[in-house]
Amino acid sequence: MAFDYAKSAATAKRLIANFGRPVIIRTPGAATGPAYNPTPGTPSDETVSAVELKDSIMNRSRQLTKFGDRMMLIEAPDGGAPSLDATIIEAGEPWRIVESIPFSPGPSLVYAELLLRR
């Protein structure tokens, strides 16, 4: 009998929504036009809930993160874990995604852990 990860994803979504705050995942649109002069496409936005994690001094001393970086858990977005070309907008401030780690032990994405940098 297979484990039902959809229930785990629903629980994670509920907990992150209860204890988190809304952020926007802005994904750039597909470029159009000639390769030598592409026109950027219209970005798409999706609002999800996020919980900020505290960074440890151990991570910084091992140079995994830098001072000012942020770590967040986000509920599973509709399109899957955000890619590195997406941006997180929180309180009007853009944060670049340095690393996006999806947690999907089964067929369902449960949540994604993000490392953000200005």
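Does Arg14 satisfy the condition of being within 18 Å of the chain's Cα centre (by Cα), on the phi < 0 side of the Ramachandran plot, surrounded by 12 or more Cβ atoms within 10 Å (Cβ to Cβ) and assigned to a strand (DSSP E or B)? Against the criterion (within 18 Å of the chain's Cα centre (by Cα), on the phi < 0 side of the Ramachandran plot, surrounded by 12 or more Cβ atoms within 10 Å (Cβ to Cβ) and assigned to a strand (DSSP E or B)), Arg14 does not qualify. The residue that is surrounded by the fewest Cβ atoms within 10 Å (Cβ to Cβ), counting only those in segment 17-31 that are among the hydrophobic types (A, V, I, L, M, F, W, C) and not in a helix (DSSP H, G or I), is Ala30. Taking the conditions exactly as written (within 24 Å of Phe3 (Cβ to Cβ), surrounded by 15 or more Cβ atoms within 10 Å (Cβ to Cβ) and free of Cβ contacts under 8 Å to residues at least 40 places away in the same chain), does Val110 satisfy them or not? The answer is no for Val110.
Number of residues in segment 69-117 that are of a type outside the set (S, T, N, Q), at negative phi and not in a strand (DSSP E or B): the value is 15.
Read-outs: derived from the displayed coordinates by stated rules, not from any lab. Note that the structure is predicted; figures quoted are calculated from it, not measured. Backbone-built Cβ (ideal geometry, glycine too); neighbour counts: all protein chains shown.
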